[in-house]
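The values are calculated or read from the model by the stated rules, or taken from the named source; none is laboratory data. Everything numeric in this text was worked out from a predicted model, so none of it was measured. Please note that ligands, DNA and RNA were not included when accessible areas were found on the heavy atoms of the full protein model with its side chains. Shrake-Rupley method; radii C 1.70, N 1.55, O 1.52, S 1.80 Å.
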Amino acid sequence: MRKLLFLGVPMAALLAGAAAAITLSSEIKAIDAKLGIIILSNGATYELAPGVDAGKLRPGDKVTIDYEQIGTHSVISKIKKVK
């Protein structure tokens with residue numbers, strides 16, 4: 001029983017860290033605010049989490065995003081326009 005407990009604690013720590021936010025800077029290639037989708041200059045598609053406002057952003061804007069990988073979806077939790 002003790003062996004199972006010792007194996008469970010490190011595994012739980014690994015799983016908890018799997019949802020950590022990732023930050024990157026890029027340029028917006030395309031945006032569909034109604035669908036909540038942003039495509040960055042690298043061609044990757046990101047979804048906006050509920051409550052994340054991208055209404056003032058336009059293609060060509062340089063942004064910094066915080067996102068989480070949830071399954072096969074990259075979900076933006078924070079987006080900020082940079083100069």
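Considering only protein heavy atoms, what per residue accessible area in square angstrom results for region 38-83 with a 1.4 angstrom probe? Walk me through the intermediate numbers first.
Working: 2920 Å² over 46 residues.
Using a 1.4 Å probe on heavy atoms only, each residue of region 38-83 averages 63 Å².
Once Rg and the Kirkwood radius are both taken over the C-alpha atoms of region 32-83, their ratio Rg/Rh works out to 0.92.
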